[in-house]
Amino acid sequence: MRLLILFFVSFLSPLVGRESFELGNLPPAPNSGVYDPEQWLTAQARVEIEESMARAKLNWKTQVFLVVLPERPEADGDVLARAIAEGWGAGRLWGVAIHVVGDPEFPAFYAGRKDSFGWPESKENEFTADLNEALADVTGRAMREGDHRLQVQTGIHELSGELGYLGIMMSRIDRLHDKARGEGVKVYRKKQSNARFIKRLLLVLVPLALLVVGIVISRIRKKRKETRVDFYFPETSPRRRFRAPWSGGGDVIVKFGSRIQKDGSRKG
Amino acid sequence: MGKDVTDSRKRKVYRAKSFAVSAMACPGCHVTLTEAATECARCGYSGSHTVARFPYEAPAMGRFIDPQGHFSEDDRMRIGKSLAELAKKFPQPRICFSVVDLDEETDLREFGFWMMNASPVPDQNEAEWRPWTILLVIDDINGRASVTPGYAIEPFLDDEAWADLIRKEQMHFFGRDYVNAALNFIQGAGMILNQGASRAERKIRGNRAVGSRKQRKEKRS
């Protein structure tokens, strides 16, 4: 009885031990980036693969994953690969190799990028084309190997290298774009600053100009008045007072220094 | 404005009060009068008081009343030219210069008042000029100067402006450089007359505007 139970357990355990690898139900990300629960890879191959992946991650910030599955997933390879990359925290550039053990259509290699790097559209498109080309090269080189394990190993190695190279390109474009953006921002800011300066200048200059014009006009008018010719004052009914016929007198008097000295003599 | 005003002058005689900027003052006690009166309400002063104050014949009014000869012929010519220039702008007013020696107790303003009214008016010509006369009296010995205007030009003049003008020329007056004092006085007089003219123009324009508004209102009603 015990033998029977052991038989069923040993028979069933692979089935029980297999995690379901489906969209929306991914297992947690493996630290090394290799998902091979049934240890299909040899130890040596695993080490080399993990080294390639680690190098890519460290040097070029490129994340590569390997998923070895016992059977074909239901999801489409592209979709699953993106789900793996995004679910397992890949950065802006990623690669995923999926191998289904014993399936002649595998391994399959996938690569992808964040939807937008914020570059100009032409640069984005160019990069995507380079990425697709690189992926095609990786697949071509990997499939030259006769053995699935070697295909996987070569594929991961090539994928890490190609994505690493693209990662460098990406950084360069980022730098150039930031510089251009920075200069663009500088130019924009300078334009904004110039516009603000001009606005402030106008706010000061326009009233000043109006003031100057006003003063000039006022002076011209004053000058015109000063250069009156033949002005006649209107006739008025005189304010006769004190029985004086011609003038009522004035109230203006100004002293400017007597000639009489203190001793009563006259100077000058 | 000249011809306009002449036409207006023929058509309309304005109230002096409507143009006047300077107050009337009693030549005797110098109190300010609110209305023209035959004698001062405070001290009872009138023109007849001057007869006793100045019991001698007043000199004839002329451009230069200068018994001591402070103005040379050249001085008179220079001043005459300057006055002629002023007359091109303002044909009506006449400026006269009198340099006398008075007693210290004599009030120069009262003296000016007396001269303007007691000085003989031999003909119609002088009768027309006298109300438009601006008399600058300089008391040489006591170092004083005063301005007395005739009735016709008086409403358009600002006493403060005359006082400022003489003070500005104090150096020339103090130095008894009467020719330059006179020349600068004429220049200053031109500005004062100009200001008076501007005020008069504004006043008349304002009156016309009020008049036409009144007419339109009457027409409507």
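The values are calculated or read from the model by the stated rules, or taken from the named source; none is laboratory data. Computed from a predicted model, the values in this text were never measured in an experiment. Every residue, glycine among them, receives a Cβ derived from its backbone with ideal geometry; neighbour counts consider all protein chains shown. When the accessible area is computed, the model is the full protein with side chains, heavy atoms only, and any ligands, DNA or RNA have been set aside. Shrake-Rupley method; radii C 1.70, N 1.55, O 1.52, S 1.80 Å.
Roughly how many percent of the accessible protein surface of segment B:51-220 is carbon and sulfur, given a 1.4 Å probe and a whole-percent answer?
Here it works out to 50 percent.
Suppose every K and R has +1 on its Cβ and every D and E has -1 on its Cβ; what is the size of the dipole of chain A about the Cα centre, in Debye to the nearest 20?
6120
Going by accessible area, probe 1.4 Å, with all protein chains left in place, what is the ranking of B:Val31, A:Val138, A:Val47, largest first? Kindly include the intermediate steps, with their values, before the conclusion.
Details: B:Val31 40, A:Val138 0, A:Val47 75 Å².
The residues order as A:Val47, B:Val31, A:Val138, largest area first.
Can you give the Kirkwood hydrodynamic radius for the protein assembly as shown, in Å, rounded to one decimal and based on Cα pairs?
Final number for the Kirkwood radius of the protein assembly as shown is 32.8 Å.
Given springs between every Cα pair under 10 Å in a Gaussian network model of chain A, which of A:Pro27, A:Pro238, A:Pro37 has the largest fluctuation?
The residue that fluctuates most here is A:Pro238.
If we count every other residue with Cβ under 11 angstrom of A:Ser160's Cβ, Lys/Arg +1 and Asp/Glu -1, where does the sum land?
Around A:Ser160, the charge tally is -3.
Reachable lysines from B:Lys17, Cα under 22 Å, same-chain residues fewer than 8 places away excluded?
B:Lys203, B:Lys214
Taking springs between alpha-carbon atoms closer than 10 angstrom, which of A:Ser237, A:Ser160, A:Ser116 fluctuates most in the Gaussian network model of chain A?
Taking springs between Cα atoms under 10 Å, the residue moving most is A:Ser237.
Name the trypsin sites (Lys or Arg not before Pro) in segment A:173-265 that are in a loop by DSSP and that have at most 10 other C-beta atoms within 10 Å, would you?
Numbers: sites: A:Arg175, A:Lys179, A:Arg181, A:Lys186, A:Arg189, A:Lys190, A:Lys191, A:Arg196, A:Lys199, A:Arg200, A:Arg219, A:Arg221, A:Lys222, A:Lys223, A:Arg224, A:Lys225, A:Arg228, A:Arg239, A:Arg240, A:Arg241, A:Arg243, A:Lys255, A:Arg259, A:Lys262; in loops: A:Arg228, A:Arg239, A:Arg240, A:Arg241, A:Arg243, A:Arg259, A:Lys262.
Counting only loop positions with at most 10 other Cβ atoms within 10 Å, the trypsin sites (Lys or Arg not before Pro) in segment A:173-265 are A:Lys262.
Take every DSSP beta bridge whose two residues both sit in segment B:63-221, then give the antiparallel share in percent to the nearest 5.
Restricted to segment B:63-221, the bridges split so that about 40 percent are antiparallel.
Along the Cα→Cβ direction, 7 angstrom out, place labels at A:Lys114 and A:Ala29. What is the inter-label distance in nm?
1.3
For B:Asp177, tell me the accessible area in Å² from a 1.4 Å probe, rounded to the nearest 10.
50
What is the antiparallel percent of DSSP beta bridges lying wholly in the protein assembly as shown, to the nearest 5?
Roughly 50 percent of the DSSP beta bridges within the protein assembly as shown come out antiparallel.
Quick one: accessible surface of A:Tyr188, probe radius 1.4 Å, all protein chains present, in square angstrom to the nearest 10.
130
Simple spin-label model, 7 Å along Cα-to-Cβ: A:Val212 to A:Glu51 in nm?
Once both label points are built, they end up 7.9 nm from each other.
Quick one: of the DSSP bridges fully inside chain A, what percent are antiparallel, nearest 5?
On the way: 8 of 17 bridges.
Looking only at bridges with both residues in chain A, the antiparallel portion is about 45 percent.
Taking a ≥ b ≥ c as the square roots of the eigenvalues of the Cα gyration tensor of segment A:21-72, is the shape rounded (a/c under 1.5), prolate (a/b larger than b/c) or oblate?
Oblate, because a/c is 1.5 or more while a/b does not exceed b/c.
Under a Cβ-only charge scheme (Lys and Arg +1, Asp and Glu -1), can you give me the dipole magnitude of chain B about the Cα centre, in debye to the nearest 20?
2400
Taking a Cβ-Cβ separation under 4.7 Å as the criterion for a possible partner, which cysteines of chain B have none?
B:Cys96, each lacking another Cys Cβ under 4.7 Å.
What base-10 log of the normalised intensity I(q)/I(0) is obtained for segment B:51-220 from the Debye formula, alpha carbons as equal point scatterers, at q = 0.12, 0.19 Å⁻¹?
Listed by q, the Debye log ratios stand at -0.58, -1.31.
Nearest 100 Å², what total accessible surface is buried between chain B and chain A (probe 1.4 Å)?
Working: alone 13600 and 19730 Å², together 27850 Å².
That pair hides around 5500 Å² of surface in total.
Using a 1.4 Å probe on the protein heavy atoms only, what accessible surface does A:Thr139 show? Give it in Å² to the nearest 10.
That residue has around 50 Å² of solvent-accessible surface.
Which links in A:Lys223/B:Lys81; A:Lys61/A:Lys190; A:Lys199/A:Lys222; A:Lys179/A:Lys199 stretch past 27 Å when you go from one Cα to the other?
A:Lys61/A:Lys190; A:Lys199/A:Lys222; A:Lys179/A:Lys199
Anyone know which of B:Arg94, B:Arg15, B:Arg78 comes out most mobile in the 10 Å Cα GNM of chain B?
Of B:Arg94, B:Arg15, B:Arg78, the most mobile in the Gaussian network model is B:Arg15.
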